[in-house]
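Visitor: Input: one structure, supplied below.
Readers should treat all values here as calculations from the given coordinates under stated rules, not as data from a laboratory. Because the structure is predicted, anything quoted here is derived from the model rather than measured. Because the Cβ atoms are built from the backbone with ideal geometry, glycine has one as well, and the counts that use them run over all protein chains shown.
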Amino acid sequence: MTIASDILKKVEHHVALQIQEQLVSLFTSRGRRVIVLAGPTAVGKTDLSLELARLLSGEIISADSMQVYRGMDIGTAKVSRAIRDEIPHHLIDIRDISEPFNVSDYCKEACAALDDILARGKVPIVVGGTGFYIHSLLYGPPAGPPSDPDVRKRLEKEAERLGPDLLYAKLEAFDPEYASTITPQDRHKVIRAIEIIELSGKKVSDFSWKTRRILPQYDFRCWFLHLPREVLYKRLEERCKQMVEQGFLNEVIALDRAGLRQNRTACHSIGYAQALQYLDTAKTLEDYMQFLERFIQASRHLAKRQFTWFRKEHVFRWVNLTEHDPDALAEFIADDYSSPTPWLPEPTK
């Protein structure tokens with residue numbers, strides 16, 4: 001009887017701890033609601049976020065890995081200064097192009113912005129398409145050792161020497177599971193993965209998010225906005241051409257003088273990488289047309305990767321923007337924000 005009684009007490013204690021943990025999570029997140037608008041580039045996230053901010057007295061937190069840099073304006077489709085004066089925006093223009101910025105920095109600064117907005121009784125609206133940043137905000141920053149400047153510098157040189165395919169093959173040999181989730185073109189992620197392997201002696205897949213829960217201190221309401229491929233691709237083509245007409249190449253020239261090529265992440269971002277490549281040519285008409293085509297093609301590939309990433313994020317509700325009136329959709333999301341019942345995804349079969 002004593003053994004049975006002890007087992008019963010342990011079970012009751014375990015259940016009590018679980019209930020306590022759930023209650024703490026519930027009361028901690030209550031009143032700390034956060035809207036997250038994600039989606040592929042050029043889908044229309046910005047317009048919807050601005051309408052929502054006006055409806056809810058909201059403030060916007062960028063989840064774009066390049067909008068943190070001053071001067072990267074046209075190529076990242078930053079909202080104008082006039083709009084930022086009307087509606088506060090956070091995590092925009094917080095670094096010079098010569099300064100590093102990574103996902104851990106993003107998590108720290110984004111959470112600080114969330115807490116500040118909530119403390120003032122405003123509504124935080126996270127907006128962007130950088131899946132890695134949004135994922136880290138939802139679940140916490142990735143585990144693993146901090147970056148080592150010497151190791152990173154050596155791997156950067158190795159990447160230049162070997163090229164993306166051979167470096168990716170090296171990662172595949174060490175960690176095929178993680179390698180299958182990225183491509184040889186994800187240069188920064190490939191280098192970081194090999195750095196983690198060298199520093200920790202573990203595979204990146206050993207630091208998996210699969211068993212981690214969403215941060216309990218916030219009640220995230222997540223939406224993924226999308227369009228049919230043919231519609232989105234047409235918008236992407238028009239946006240790329242518009243950016244060039246607005247002076248994108250002059251922007252890249254100025255950033256190049258400020259050290260863009262030394263920022264290994266920024267110089268490989270969509271648009272900027274293709275523009276730098278063009279600036280190194282004779283700049284003939286043929287060179288220009290090739291640049292424009294590569295810019296458009298890279299933007300399409302980015303959109304594909306964004307779809308692939310967010311298909312794995314089960315806390316997002318998908319919204320086809322061709323099926324909804326923009327004003328009605330903004331009001332629907334605003335009503336959902338006010339609902340006391342959190343949305344829960346259907347169980348994975």
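Visitor: Can you give the convex hull volume of the alpha carbon atoms of the chain per residue, in Å³?
Guide: Spread over its residues, the Cα hull of the chain gives 175 Å³ apiece.
Visitor: Also, I was wondering about something else. Rank the residues Asp47, Asp93, Asp85 as a footprinting-exposure proxy: fewest other Cβ atoms within 10 Å of their Cβ go first.
Guide: The fewest-first ordering by Cβ neighbours comes to Asp85, Asp47, Asp93.
Visitor: Roughly how many nanometres apart are two label points built 7 Å out from the Cα toward the Cβ at Ser98 and Glu198?
Guide: Result for the modelled spin labels: 2.6 nm.
Visitor: Please report the Cα spread of the range 40-91 along all three principal axes, rounded to whole Å, starting with the longest.
Guide: Extents along the principal axes, in whole Å: 29, 23, 16.
Visitor: Hey, another quick one. Using +1 on the beta carbon of Lys and Arg, -1 on that of Asp and Glu, and nothing else charged, what's the dipole of the range 120-199 about the Cα centre, debye to 20?
Guide: 500
Visitor: Would you kindly derive the ³J(HN,Hα) couplings of the range 124-136 from the backbone phi angles with the Karplus curve 6.51 cos²θ - 1.76 cosθ + 1.60 (θ = phi - 60°), listing them in order in whole Hz, with x for Gly and Pro?
Guide: Coupling constants for the range 124-136: x, 10, 8, 9, x, x, 7, x, 4, 5, 5, 4, 5 Hz.
Visitor: Efficiency by 1/(1 + (r/R0)^6): what FRET value for Arg81 and Gln185, r their Cβ-Cβ distance, R0 = 35 Å, to the nearest 0.05? Don't skip to the end; give the middle numbers.
Guide: On the way: r = 33 Å, r/R0 = 0.95.
So, using R0 = 35 Å, E works out to roughly 0.60.
Visitor: Let me ask you something else. When the chain is fully extended, how far beyond the present Cα-Cα distance does Gln290 get from Asp327, taking 0.36 nm per residue of separation?
Guide: Once the chain is fully extended between Gln290 and Asp327, it gains 9.4 nm.
Visitor: Still on this structure: With springs only between Cα atoms under 10 Å, which of Val36, Val231, Val103 fluctuates most in a Gaussian network model of the chain?
Guide: Evaluated over the chain, the most mobile residue of the options is Val231.
Visitor: Follow-up question, since we're still on this one. Provide the net charge surrounding Ser339, with neighbours chosen by a C-beta distance below 12 Å and charges set as Lys +1, Arg +1, Asp -1, Glu -1.
Guide: -1
Visitor: Would you mind checking Lys45/Lys78; Lys108/Lys312; Lys170/Lys202; Lys157/Lys312 for any pair whose Cα atoms are more than 21 angstrom apart?
Guide: Lys108/Lys312; Lys157/Lys312
Visitor: Just the Kirkwood number for the range 257-345, please: inverse of mean 1/r across all distinct Cα pairs, in Å, one decimal.
Guide: When all Cα pairs of the range 257-345 are included, the Kirkwood radius is 16.9 Å.
Visitor: Same structure again: Write out the trypsin sites (Lys or Arg not before Pro) in the range 131-221 meeting two conditions: DSSP loop, and at most 16 other Cβ atoms within 10 Å of their Cβ.
Guide: Passing sites in the range 131-221 are Lys202, Lys210, Arg212, Arg213.
Visitor: To make sure I understand, if each residue's beta carbon is the centre and we count other beta carbons within 10 Å, what order do Thr76, Thr265, Thr341 fall in, fewest to most?
Guide: Thr341, Thr265, Thr76
Visitor: Using only alpha-carbon positions, what ratio does the radius of gyration of the range 241-288 give when scaled by 2.2 N^0.38 Å?
Guide: After normalising by residue count via 2.2 N^0.38 Å, the value is 1.10.
Visitor: Take the Cα gyration tensor of the range 143-208, multiply each eigenvalue by 5, square-root it, and list the three semi-axes largest first, rounded to whole angstrom.
Guide: 16, 15, 9
Visitor: Same structure, new question: What is the spin-label model distance, in nm, from Phe174 to Thr341 if the labels are put 7 Å beyond Cα along the C-beta direction?
Guide: For Phe174 paired with Thr341, the spin-label model returns 4.9 nm.
Visitor: Right, something else. Mean residue ellipticity at 222 nm from the helices of the chain, using -39,500 (n - 2.57) per DSSP H segment of n ≥ 4 over the full residue count, to the nearest 500 deg cm²/dmol?
Guide: -17500 deg cm²/dmol
Visitor: Comparing Gln262, Gln297, Gln67, which has the greatest mean-square fluctuation in the GNM of the chain with Cα pairs linked when under 10 Å apart?
Guide: Top of the fluctuation ranking is Gln262.
Visitor: Quick one: length gained pulling Ala254 to Lys241 fully straight, 0.36 nm per residue minus the C-alpha distance?
Guide: 2.7 nm
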